[in-house]
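Here the structure comes first, spelled out in structure tokens, and everything after it is commentary.
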Amino acid sequence: MKAIICGANGAMGKLICDILGSEVVGKVSIDGLNGVPTSFEALGLVEADVVVDFSHHSAVESVLSYAKAIGAAAVIGTTGHTPEEKEMIFSAAREIPVFYSGNMSLGIAVLCRLAAQAAAAFPEADIEIVEVHHNRKVDAPSGTAKMLFEAVKSVRPQAYANCGRAGEGKRTKDEIGIASLRMGGVVGIHEVHICTPSQTLTLRHEAGNRGMLAEGAVDAARFMVGKSAGMYTMNEML
């Protein structure tokens, strides 16, 4: 596999580069450190199978444009995309293979499946999602919490998210509460609480370190080699 890494000087980018080694044929990083080109224009056209992006959601247009230009797949590892940026991603998937996930962890993919199964098994239960991250994370709720909500919504079409519940008013039957905590150096904790009057089921995933995300991104990149145009997620990789 030949891979180009966008955000190569970031924490995740460095981990991915370390795992892939000589399979990395190009790097881009806005800071320009270590002689890494600051843009795709500066990098130039490089033959590659996949472009992996762990930079910032605002870079998605240039990432997708470059992937289309060289005929490569794109793995989007950033979160917090605007509606316009999401439309770019789905539009690009009509031309190239695109892997898009709010979390690259295999464990989170399994958690999403379990959350949907539990929501279906307890159709009258109250469901709450709690996510905890380090104090430097800028977006809330996390992309993973949104994934978990969508997993629940897949079996509860009428459900809607109530992010950061505040003020007066009783909880409604169809709301799914999402609470975000930001503290210390927590890598990532996600919990789904399914509660009936007689019992509570709690599903929990805790990230030990960011290495699991880098490993998941590499697995996704390898999975995408040779794929036809379309949108791919952790579900397809599972």
Next on the checklist: Which condition from (1) over 18 Å from the mean Cα position of the chain (by Cα); (2) surrounded by fewer than 20 Cβ atoms within 10 Å (Cβ to Cβ) is the one that A48 breaks?
Outcome noted: (2)
Checklist entry - Quick one: how many residues across region 13-65 are touching a Lys or Arg at 6+ places or on another chain (Cβ under 6 Å) and within 17 Å of L213 (Cα to Cα)? => result 0
Item to check | Subset of region 19-35 [surrounded by 20 or more Cβ atoms within 10 Å (Cβ to Cβ) and in a loop (DSSP other than H, G, I, E, B)] | outcome: S29
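Residue-by-condition table, conditions (1) over 19 Å from the mean Cα position of the chain (by Cα); (2) outside the structural domain of E131 (by TED's automatic domain parsing); (3) closer than 20 Å to L148 by Cβ:
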position	(1), (2), (3)
A42	yes, yes, no
H57	no, yes, yes
E61	no, yes, no
I76	no, yes, yes
Checklist entry - Among the residues of region 176-189, is there at least one that is at pLDDT below 95, surrounded by 12 or more Cβ atoms within 10 Å (Cβ to Cβ) and of a type outside the set (A, V, I, L, M)? => result yes
Next on the checklist: Among the listed residues S142, S180, S154, identify the single one that is in contact with a Pro (Cβ under 6 Å, 6 or more places away or on another chain) and closer than 19 Å to I108 by Cα.
Outcome noted: S180
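Kindly establish whether K146 is touching a residue at least 24 places away in the same chain (Cβ under 8 Å), in a loop (DSSP other than H, G, I, E, B) and within 26 Å of M12 (Cα to Cα).
In short, no.
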Checklist entry - Just a yes or no: is a residue in region 201-214 within 23 Å of K86 (Cα to Cα) and either surrounded by 12 or more Cβ atoms within 10 Å (Cβ to Cβ) or among the small types (G, A, S) (or both)? => result yes
Item to check | Filter result (in contact with a strand residue (DSSP E or B) (Cβ under 9 Å, 6 or more places away or on another chain), in contact (Cβ under 8 Å) with a residue 24 or more places away in the chain and either closer than 23 Å to S105 by Cβ or among the aliphatic types (A, V, I, L, M) (or both)) within region 31-58 | outcome: V36, L43, V46, A48, D49, V50, V51, V52, D53, F54, S55, H57
Checklist entry - Which of the residues that make up region 73-111 are in contact with a strand residue (DSSP E or B) (Cβ under 9 Å, 6 or more places away or on another chain), closer than 22 Å to A214 by Cβ and in a helix (DSSP H, G or I)? => result I89, G107, I108, V110, L111
Checklist entry - Are there any pairs with C-beta distances below 6 angstrom linking a residue in region 174-185 that is small (G, A, S) to a residue that is not in a strand (DSSP E or B), with the two at least 6 apart or on different chains, and if so which? => result G177/R165; S180/A140; S180/P141; G185/H134
Checklist outcome for this item: Scanning region 70-95 for residues that are out of contact with any Gly (no Cβ under 7 Å at 6 or more places or on another chain), surrounded by 12 or more Cβ atoms within 10 Å (Cβ to Cβ), modelled with pLDDT of 95 or more and under 24 Å from E47 (Cβ atoms) gives I70, A72, A73, A74, V75, I76, M88, I89, A92, E95
Checklist entry - Here are some residues: A73, A3. Which one is in contact with a Pro (Cβ under 8 Å, 6 or more places away or on another chain) and either more than 24 Å from G188 (Cβ to Cβ) or not hydroxyl-bearing (S, T, Y) (or both)? => result A73
Checklist entry - Does G107 qualify as being free of Cβ contacts under 8 Å to residues at least 24 places away in the same chain and either assigned by TED's automatic domain parsing to the domain that holds K14 or among the small types (G, A, S) (or both)? => result no
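The values are calculated or read from the model by the stated rules, or taken from the named source; none is laboratory data. All figures in this text were calculated on a predicted structure; none of them were measured in a lab. Heads up, the Cβs are rebuilt from the backbone with ideal geometry, glycines too, and the neighbour counts pull from every protein chain shown.
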